[in-house]
Amino acid sequence: MTIDHLTIHGFRNLQAIELVADPSTNIFYGANGSGKTNLLESIFVLCLARSQRGAKDKDMVSTHSDTYRVSGHATVHDRQREVAVAYQQGGRKKITIDGVTARASELFANFCAVSAGPEDSGIVSGSPSERRGFMDIYLSQLSSRHLSRLTEYQQVLSQKNAALRDGLDPDPFNELLIATGTQIMVERAEFVGQIAVLAAEYYQTVAAGRSFTVRYAPSVSVPEEDYSPQLVEDAFRQRLASVAQREEILQSSQAGPHRDELVLEIDGLPARTCGSQGERRSAVLALKLAVYEMMKHRREMDPVLLLDEVFAELDENRTNGLIDAFGSLGQVFLTTAGQPPARLEQHARAFRITEGTVLKAT
(Lines give C-alpha, C1' and ligand atoms only; values in the text may rest on other atoms or scores of the structure.)
Protein backbone atom coordinates (compact mmCIF):
# COMPACT_ATOMS: atom_id res chain seq x y z
CA MET A 1 0.00 0.00 0.00
CA THR A 2 0.98 3.62 -0.38
CA ILE A 3 -0.26 6.86 1.15
CA ASP A 4 -0.70 9.23 -1.75
CA HIS A 5 -2.11 12.33 -0.08
CA LEU A 6 -2.05 13.37 3.59
CA THR A 7 -3.97 16.13 5.40
CA ILE A 8 -3.39 17.00 9.07
CA HIS A 9 -5.24 19.42 11.36
CA GLY A 10 -4.78 20.03 15.09
CA PHE A 11 -2.23 17.27 15.62
CA ARG A 12 0.47 18.02 18.24
CA ASN A 13 2.68 20.93 17.11
CA LEU A 14 1.96 20.44 13.40
CA GLN A 15 0.37 23.29 11.52
CA ALA A 16 -2.37 22.59 8.99
CA ILE A 17 -0.54 20.28 6.59
CA GLU A 18 -1.39 18.95 3.17
CA LEU A 19 1.20 17.01 1.23
CA VAL A 20 1.54 14.65 -1.72
CA ALA A 21 3.84 11.74 -0.92
CA ASP A 22 6.18 9.87 -3.20
CA PRO A 23 5.26 6.18 -3.63
CA SER A 24 8.87 5.26 -2.84
CA THR A 25 11.00 7.22 -0.34
CA ASN A 26 10.07 10.45 1.47
CA ILE A 27 12.67 12.22 3.63
CA PHE A 28 11.69 14.83 6.22
CA TYR A 29 14.50 17.13 7.35
CA GLY A 30 14.30 19.28 10.44
CA ALA A 31 15.88 20.20 13.75
CA ASN A 32 14.98 18.33 16.91
CA GLY A 33 11.57 19.47 18.13
CA SER A 34 10.45 20.68 14.71
CA GLY A 35 7.71 18.05 14.42
CA LYS A 36 9.33 15.25 12.43
CA THR A 37 8.37 12.48 14.85
CA ASN A 38 4.87 13.95 15.20
CA LEU A 39 4.42 13.71 11.45
CA LEU A 40 5.31 10.01 11.45
CA GLU A 41 3.00 9.51 14.42
CA SER A 42 0.12 11.10 12.48
CA ILE A 43 0.66 8.63 9.63
CA PHE A 44 0.65 5.69 12.05
CA VAL A 45 -2.59 7.04 13.56
CA LEU A 46 -4.08 7.30 10.09
CA CYS A 47 -3.28 3.65 9.39
CA LEU A 48 -4.13 2.10 12.78
CA ALA A 49 -5.90 4.75 14.93
CA ARG A 50 -3.21 4.59 17.59
CA SER A 51 0.20 6.07 18.33
CA GLN A 52 3.34 4.00 17.81
CA ARG A 53 4.63 5.78 20.93
CA GLY A 54 1.72 4.62 23.07
CA ALA A 55 0.41 8.17 23.50
CA LYS A 56 -3.20 8.83 24.47
CA ASP A 57 -5.45 10.62 21.99
CA LYS A 58 -5.90 13.60 24.29
CA ASP A 59 -2.14 14.12 24.32
CA MET A 60 -1.96 14.21 20.52
CA VAL A 61 -4.35 17.16 20.25
CA SER A 62 -2.66 20.51 19.61
CA THR A 63 -2.60 22.99 22.50
CA HIS A 64 -4.31 25.45 20.15
CA SER A 65 -7.21 23.12 19.31
CA ASP A 66 -9.65 20.74 20.95
CA THR A 67 -9.70 18.34 17.98
CA TYR A 68 -7.23 16.56 15.76
CA ARG A 69 -8.03 15.12 12.35
CA VAL A 70 -5.75 13.11 10.10
CA SER A 71 -7.05 12.09 6.69
CA GLY A 72 -5.62 10.76 3.48
CA HIS A 73 -5.92 8.93 0.23
CA ALA A 74 -4.22 5.55 0.02
CA THR A 75 -3.74 2.96 -2.68
CA VAL A 76 -4.37 -0.58 -1.42
CA HIS A 77 -4.25 -3.50 -3.86
CA ASP A 78 -4.58 -1.02 -6.76
CA ARG A 79 -7.73 0.44 -5.21
CA GLN A 80 -8.08 4.04 -4.07
CA ARG A 81 -9.22 4.33 -0.45
CA GLU A 82 -10.14 7.35 1.67
CA VAL A 83 -9.48 7.17 5.40
CA ALA A 84 -9.80 9.63 8.27
CA VAL A 85 -9.21 9.48 12.03
CA ALA A 86 -10.47 12.30 14.26
CA TYR A 87 -10.65 12.87 18.00
CA GLN A 88 -12.23 15.62 20.10
CA GLN A 89 -11.13 16.35 23.68
CA GLY A 90 -13.58 14.80 26.10
CA GLY A 91 -15.28 12.95 23.28
CA ARG A 92 -14.76 9.84 21.24
CA LYS A 93 -12.57 8.93 18.32
CA LYS A 94 -14.23 8.79 14.93
CA ILE A 95 -12.87 6.65 12.11
CA THR A 96 -14.15 6.61 8.54
CA ILE A 97 -13.12 4.45 5.61
CA ASP A 98 -14.41 5.56 2.22
CA GLY A 99 -16.82 7.89 4.00
CA VAL A 100 -18.35 5.14 6.17
CA THR A 101 -17.92 5.05 9.96
CA ALA A 102 -15.59 2.22 10.92
CA ARG A 103 -13.98 0.57 13.94
CA ALA A 104 -10.26 0.51 14.68
CA SER A 105 -10.23 -3.22 13.91
CA GLU A 106 -11.28 -2.39 10.34
CA LEU A 107 -8.20 -0.19 9.96
CA PHE A 108 -6.06 -3.12 11.09
CA ALA A 109 -7.80 -5.30 8.51
CA ASN A 110 -7.45 -2.87 5.59
CA PHE A 111 -4.15 -1.05 6.15
CA CYS A 112 -0.75 -1.88 7.58
CA ALA A 113 2.23 0.09 8.86
CA VAL A 114 5.57 -0.68 10.51
CA SER A 115 7.36 1.95 12.58
CA ALA A 116 10.91 2.11 13.93
CA GLY A 117 12.27 4.93 16.06
CA PRO A 118 13.88 5.93 19.37
CA GLU A 119 10.78 4.81 21.30
CA ASP A 120 11.57 1.22 20.27
CA SER A 121 14.62 1.03 22.53
CA GLY A 122 12.26 -0.45 25.13
CA ILE A 123 11.77 -3.54 22.97
CA VAL A 124 15.35 -4.50 23.80
CA SER A 125 16.07 -2.77 27.11
CA GLY A 126 12.60 -2.19 28.57
CA SER A 127 10.12 -4.32 30.49
CA PRO A 128 8.51 -7.53 29.15
CA SER A 129 5.27 -5.61 28.59
CA GLU A 130 7.00 -3.59 25.84
CA ARG A 131 8.06 -6.77 24.07
CA ARG A 132 4.55 -8.18 24.40
CA GLY A 133 3.23 -4.93 22.96
CA PHE A 134 5.59 -5.30 20.00
CA MET A 135 4.28 -8.80 19.29
CA ASP A 136 0.66 -7.82 19.60
CA ILE A 137 0.57 -4.61 17.55
CA TYR A 138 1.95 -6.44 14.53
CA LEU A 139 0.16 -9.72 15.12
CA SER A 140 -3.08 -7.75 15.20
CA GLN A 141 -2.32 -6.44 11.71
CA LEU A 142 -1.94 -10.03 10.56
CA SER A 143 -5.02 -11.38 12.31
CA SER A 144 -8.15 -9.47 13.31
CA ARG A 145 -9.00 -12.43 15.54
CA HIS A 146 -5.84 -11.82 17.56
CA LEU A 147 -6.94 -8.26 18.27
CA SER A 148 -10.37 -9.39 19.49
CA ARG A 149 -8.85 -12.19 21.57
CA LEU A 150 -6.52 -9.74 23.30
CA THR A 151 -9.48 -7.53 24.20
CA GLU A 152 -11.48 -10.48 25.50
CA TYR A 153 -8.53 -11.86 27.46
CA GLN A 154 -7.86 -8.51 29.17
CA GLN A 155 -11.51 -8.19 30.15
CA VAL A 156 -11.60 -11.65 31.73
CA LEU A 157 -8.22 -11.09 33.38
CA SER A 158 -9.51 -7.90 35.00
CA GLN A 159 -12.56 -9.78 36.29
CA LYS A 160 -10.43 -12.57 37.72
CA ASN A 161 -8.08 -10.13 39.45
CA ALA A 162 -11.08 -8.30 40.92
CA ALA A 163 -12.38 -11.61 42.26
CA LEU A 164 -8.98 -12.39 43.80
CA ARG A 165 -8.86 -8.97 45.49
CA ASP A 166 -12.36 -9.46 46.87
CA GLY A 167 -11.58 -12.93 48.21
CA LEU A 168 -13.95 -14.62 45.75
CA ASP A 169 -13.46 -17.87 43.86
CA PRO A 170 -11.45 -17.11 40.65
CA ASP A 171 -12.01 -20.54 39.08
CA PRO A 172 -15.02 -19.53 36.94
CA PHE A 173 -12.72 -17.17 35.04
CA ASN A 174 -9.93 -19.68 34.47
CA GLU A 175 -11.65 -21.63 31.69
CA LEU A 176 -12.35 -18.38 29.85
CA LEU A 177 -8.71 -17.35 30.23
CA ILE A 178 -7.59 -20.74 28.97
CA ALA A 179 -9.85 -20.55 25.90
CA THR A 180 -8.61 -17.15 24.73
CA GLY A 181 -5.12 -17.33 26.20
CA THR A 182 -4.30 -20.60 24.45
CA GLN A 183 -4.98 -19.09 21.05
CA ILE A 184 -2.96 -15.97 21.89
CA MET A 185 0.05 -18.07 22.87
CA VAL A 186 -0.24 -20.31 19.80
CA GLU A 187 -0.34 -17.25 17.53
CA ARG A 188 2.57 -15.57 19.33
CA ALA A 189 4.67 -18.73 19.04
CA GLU A 190 4.02 -18.98 15.31
CA PHE A 191 4.70 -15.27 14.82
CA VAL A 192 8.00 -15.32 16.71
CA GLY A 193 9.11 -18.51 15.00
CA GLN A 194 8.71 -16.84 11.61
CA ILE A 195 10.23 -13.46 12.40
CA ALA A 196 13.18 -15.09 14.22
CA VAL A 197 14.57 -16.45 10.96
CA LEU A 198 14.03 -13.19 9.09
CA ALA A 199 15.41 -11.04 11.93
CA ALA A 200 18.61 -13.10 12.04
CA GLU A 201 19.08 -12.52 8.30
CA TYR A 202 18.41 -8.79 8.53
CA TYR A 203 20.76 -8.44 11.48
CA GLN A 204 23.49 -10.00 9.35
CA THR A 205 22.75 -7.38 6.68
CA VAL A 206 22.82 -4.45 9.11
CA ALA A 207 25.59 -5.76 11.39
CA ALA A 208 27.63 -8.26 9.39
CA GLY A 209 29.34 -11.02 11.31
CA ARG A 210 27.09 -10.99 14.39
CA SER A 211 24.27 -13.37 15.27
CA PHE A 212 20.85 -12.34 16.55
CA THR A 213 18.46 -14.78 18.21
CA VAL A 214 14.77 -14.23 18.92
CA ARG A 215 12.87 -16.72 21.08
CA TYR A 216 9.36 -16.86 22.50
CA ALA A 217 9.27 -17.58 26.24
CA PRO A 218 5.69 -17.99 27.48
CA SER A 219 4.87 -18.03 31.18
CA VAL A 220 3.35 -21.46 30.59
CA SER A 221 5.94 -24.20 30.08
CA VAL A 222 5.12 -26.22 26.98
CA PRO A 223 6.79 -29.65 26.54
CA GLU A 224 9.52 -29.59 23.87
CA GLU A 225 8.23 -26.18 22.74
CA ASP A 226 5.39 -27.88 20.88
CA TYR A 227 2.78 -25.12 20.57
CA SER A 228 -0.05 -27.22 19.21
CA PRO A 229 -3.32 -25.91 20.71
CA GLN A 230 -4.16 -28.96 22.80
CA LEU A 231 -0.72 -29.15 24.42
CA VAL A 232 -0.75 -25.42 25.18
CA GLU A 233 -4.25 -25.66 26.64
CA ASP A 234 -3.28 -28.60 28.88
CA ALA A 235 -0.09 -26.86 30.02
CA PHE A 236 -1.99 -23.63 30.75
CA ARG A 237 -4.59 -25.47 32.84
CA GLN A 238 -1.89 -27.28 34.83
CA ARG A 239 0.01 -24.05 35.39
CA LEU A 240 -3.06 -22.26 36.71
CA ALA A 241 -3.68 -25.12 39.13
CA SER A 242 -0.08 -25.00 40.37
CA VAL A 243 -0.13 -21.24 41.07
CA ALA A 244 -3.64 -21.07 42.57
CA GLN A 245 -2.43 -20.68 46.16
CA ARG A 246 0.12 -18.06 45.16
CA GLU A 247 -2.53 -16.10 43.26
CA GLU A 248 -4.73 -16.11 46.34
CA ILE A 249 -1.90 -14.64 48.42
CA LEU A 250 -0.79 -12.05 45.83
CA GLN A 251 -4.36 -11.30 44.72
CA SER A 252 -3.42 -11.29 41.04
CA SER A 253 -3.22 -13.79 38.18
CA GLN A 254 0.28 -15.28 37.91
CA ALA A 255 0.14 -17.24 34.65
CA GLY A 256 -0.94 -16.56 31.10
CA PRO A 257 -0.09 -14.47 28.02
CA HIS A 258 0.04 -11.30 30.12
CA ARG A 259 3.28 -12.64 31.60
CA ASP A 260 4.93 -13.86 28.39
CA GLU A 261 8.43 -12.79 27.41
CA LEU A 262 10.40 -12.38 24.19
CA VAL A 263 14.06 -13.33 24.58
CA LEU A 264 16.56 -11.39 22.44
CA GLU A 265 20.23 -12.38 22.24
CA ILE A 266 23.25 -11.02 20.34
CA ASP A 267 26.02 -13.58 19.87
CA GLY A 268 24.35 -15.73 22.52
CA LEU A 269 24.28 -12.99 25.18
CA PRO A 270 21.25 -11.01 26.43
CA ALA A 271 20.79 -8.01 24.14
CA ARG A 272 19.29 -6.07 27.02
CA THR A 273 22.46 -6.03 29.11
CA CYS A 274 25.30 -6.99 26.79
CA GLY A 275 24.61 -5.18 23.54
CA SER A 276 26.12 -1.81 22.66
CA GLN A 277 23.86 1.09 21.70
CA GLY A 278 24.50 0.40 18.01
CA GLU A 279 23.90 -3.32 18.45
CA ARG A 280 20.60 -2.74 20.25
CA ARG A 281 19.48 -0.27 17.58
CA SER A 282 20.46 -2.81 14.90
CA ALA A 283 18.48 -5.49 16.73
CA VAL A 284 15.35 -3.34 16.75
CA LEU A 285 15.74 -2.54 13.06
CA ALA A 286 16.21 -6.24 12.28
CA LEU A 287 13.01 -7.05 14.18
CA LYS A 288 11.04 -4.33 12.39
CA LEU A 289 12.34 -5.30 8.95
CA ALA A 290 11.50 -8.93 9.72
CA VAL A 291 7.96 -7.92 10.65
CA TYR A 292 7.77 -5.85 7.47
CA GLU A 293 8.82 -8.81 5.34
CA MET A 294 6.39 -11.16 7.06
CA MET A 295 3.49 -8.74 6.71
CA LYS A 296 4.35 -8.09 3.08
CA HIS A 297 3.95 -11.76 2.24
CA ARG A 298 1.05 -12.58 4.54
CA ARG A 299 -0.97 -9.49 3.60
CA GLU A 300 0.22 -9.55 -0.03
CA MET A 301 1.03 -5.83 0.05
CA ASP A 302 3.85 -3.57 1.15
CA PRO A 303 3.22 -1.98 4.56
CA VAL A 304 3.99 1.71 4.96
CA LEU A 305 7.38 1.93 6.68
CA LEU A 306 8.05 4.80 9.11
CA LEU A 307 11.68 5.31 10.13
CA ASP A 308 12.46 7.98 12.72
CA GLU A 309 16.14 9.00 12.98
CA VAL A 310 17.24 5.44 12.26
CA PHE A 311 20.73 6.48 11.14
CA ALA A 312 21.47 8.55 14.26
CA GLU A 313 23.32 5.84 16.20
CA LEU A 314 24.54 3.60 13.38
CA ASP A 315 28.14 3.56 12.16
CA GLU A 316 28.94 3.67 8.44
CA ASN A 317 28.90 -0.10 7.98
CA ARG A 318 25.52 -0.51 9.68
CA THR A 319 24.14 2.46 7.73
CA ASN A 320 25.20 0.91 4.43
CA GLY A 321 23.77 -2.43 5.50
CA LEU A 322 20.43 -0.82 6.27
CA ILE A 323 20.36 1.00 2.92
CA ASP A 324 21.05 -2.32 1.19
CA ALA A 325 17.87 -3.64 2.82
CA PHE A 326 15.88 -0.74 1.35
CA GLY A 327 15.92 -2.39 -2.07
CA SER A 328 13.02 -4.67 -1.19
CA LEU A 329 10.90 -2.03 0.58
CA GLY A 330 7.82 -0.20 -0.64
CA GLN A 331 6.87 3.28 0.54
CA VAL A 332 9.16 4.74 3.22
CA PHE A 333 8.77 7.88 5.35
CA LEU A 334 12.11 8.78 6.90
CA THR A 335 13.09 11.59 9.29
CA THR A 336 16.53 13.03 9.93
CA ALA A 337 18.05 15.98 11.75
CA GLY A 338 21.21 15.71 9.68
CA GLN A 339 22.13 14.77 6.17
CA PRO A 340 21.00 11.29 5.11
CA PRO A 341 23.34 9.05 3.09
CA ALA A 342 23.72 10.29 -0.48
CA ARG A 343 22.77 6.86 -1.86
CA LEU A 344 19.34 7.21 -0.29
CA GLU A 345 18.83 10.90 -0.97
CA GLN A 346 19.27 10.60 -4.73
CA HIS A 347 15.95 8.84 -5.30
CA ALA A 348 13.78 10.42 -2.60
CA ARG A 349 11.23 13.22 -2.33
CA ALA A 350 12.48 15.70 0.26
CA PHE A 351 10.50 17.85 2.68
CA ARG A 352 11.65 20.43 5.22
CA ILE A 353 9.92 20.73 8.63
CA THR A 354 10.26 23.98 10.58
CA GLU A 355 8.20 24.66 13.72
CA GLY A 356 5.48 22.27 12.62
CA THR A 357 5.28 23.53 9.03
CA VAL A 358 6.10 21.15 6.20
CA LEU A 359 7.41 22.44 2.86
CA LYS A 360 8.61 20.47 -0.11
CA ALA A 361 12.34 20.94 -0.46
CA THR A 362 13.70 22.17 -3.78
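The values are calculated or read from the model by the stated rules, or taken from the named source; none is laboratory data. Every value quoted in this text rests on a predicted model; they were computed, and no experiment measured them. Positions of Cβ are backbone-derived with ideal geometry, glycine not excepted, and every protein chain shown enters the neighbour counts. What goes into the accessible areas is simple: the full protein's heavy atoms, side chains included, and nothing from ligands, DNA or RNA. Shrake-Rupley method; radii C 1.70, N 1.55, O 1.52, S 1.80 Å.
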Fill in the blank from the handout: If unit charges are put on Cβ atoms (+1 for Lys and Arg, -1 for Asp and Glu) and the dipole of the stretch 143-208 is taken about its Cα centre, the option from S158, A179, S143 lying farthest towards the positive end turns out to be S143
Problem - Probe 1.4 Å - accessible area at C274, Å² to nearest ten - result: 70 Å²
Completion exercise
Reduced to Cα centres, the span from the stretch 123-146 to the stretch 68-103 in Å works out to 23 Å
Exercise for the section: Within the set of other residues whose C-beta is less than 10 Å from the C-beta of F212, count the net charge using Lys and Arg as +1 and Asp and Glu as -1. Expected result: -3
Practice task
Write down the accessible area per residue of the stretch 46-107 in Å², having rolled a 1.4 Å probe over the full set of protein chains.
Solution key: 57 Å²
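So what is the relative contact order for the stretch 26-100, in percent, with contacts set as C-alpha pairs under 8 Å and at least six apart?
Answer for the stretch 26-100 is 21 percent.
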Fill in the blank from the handout: Mean accessible area per residue over the stretch 246-312 (1.4 angstrom probe, all protein chains present, square angstrom) is 38 Å²
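Rounded to the nearest whole Å², what accessible area per residue is found for the stretch 127-192 with the 1.4 Å probe? Walk me through the numbers before you get to the answer.
Values: 2770 Å² over 66 residues.
Heavy-atom accessible area per residue stands at 42 Å².
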Practice task
At a 1.4 Å probe radius, which order do R239, R188, R149, R215 fall into by accessible area, largest first?
Solution key: R215, R239, R149, R188
Practice task
Sort D4, D136, D315 by accessible area with a 1.4 Å probe, largest first.
Solution key: D315, D4, D136
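So what's the net charge close to T273: Lys and Arg +1, Asp and Glu -1, counting the other residues with Cβ under 14 Å from its Cβ?
On the way: positive: R272, R280; negative: E265, D267, E279.
For residues surrounding T273, the net value is -1.
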Fill in the blank from the handout: Rounded to the nearest 10 Å², the 1.4 Å probe accessible area of D120 is 10 Å²
Practice task
Using DSSP, restrict attention to beta bridges with both residues in the chain and report what percent are antiparallel, rounded to the nearest 5.
Solution key: 70 percent
Practice task
Could you tell me which of G35, V114, T67 has its Cα farthest along the dipole of the stretch 22-160 towards the positive end, charges placed at Cβ (Lys, Arg +1; Asp, Glu -1), taken about the Cα centre?
Solution key: T67
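Rounded to the nearest 20 Debye, what is the dipole magnitude of the chain about its Cα centre when Lys and Arg each give +1 and Asp and Glu each give -1 at the C-beta? Can you show the working numbers first?
Working: 38 positive and 46 negative charges, 167 e Å.
With only Lys, Arg, Asp and Glu charged at Cβ, the dipole is about 800 debye.
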Fill in the blank from the handout: Of the accessible area of the chain, computed with a 1.4 Å probe and all protein chains kept, carbon and sulfur make up a percent value of 48 percent
Handout entry: Euclidean distance of C-alpha centroids, the stretch 203-250 and the stretch 292-317, integer Å
Key = 27 Å
Fill in the blank from the handout: Note on the stretch 304-362, DSSP bridge orientation, antiparallel percent to nearest 5 equals 50 percent
Practice task
Tell me what the chain gives for mean residue ellipticity at 222 nm when only DSSP H runs of n ≥ 4 count, each as -39,500 (n - 2.57), the sum divided by the residue total, rounded to 500 deg cm²/dmol.
Solution key: -14000 deg cm²/dmol
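Quote the relative contact order of the chain in percent (integer), defining contacts as alpha-carbon pairs under 8 Å separated by 6+ residues.
25 percent
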Practice task
Residues in the stretch 73-98, backbone N under 20 Å from the label point at K56 (7 Å along the Cα-to-beta-carbon vector): list them, ranges by number please.
Solution key: 86-95
Handout entry: Per-residue SASA entry for H347, accessible area with 1.4 Å probe, Å² rounded to 10
Key = 140 Å²
Problem - Virtual spin-label span in nm between E300 and R210, 7 Å along Cα→Cβ - result: 3.8 nm
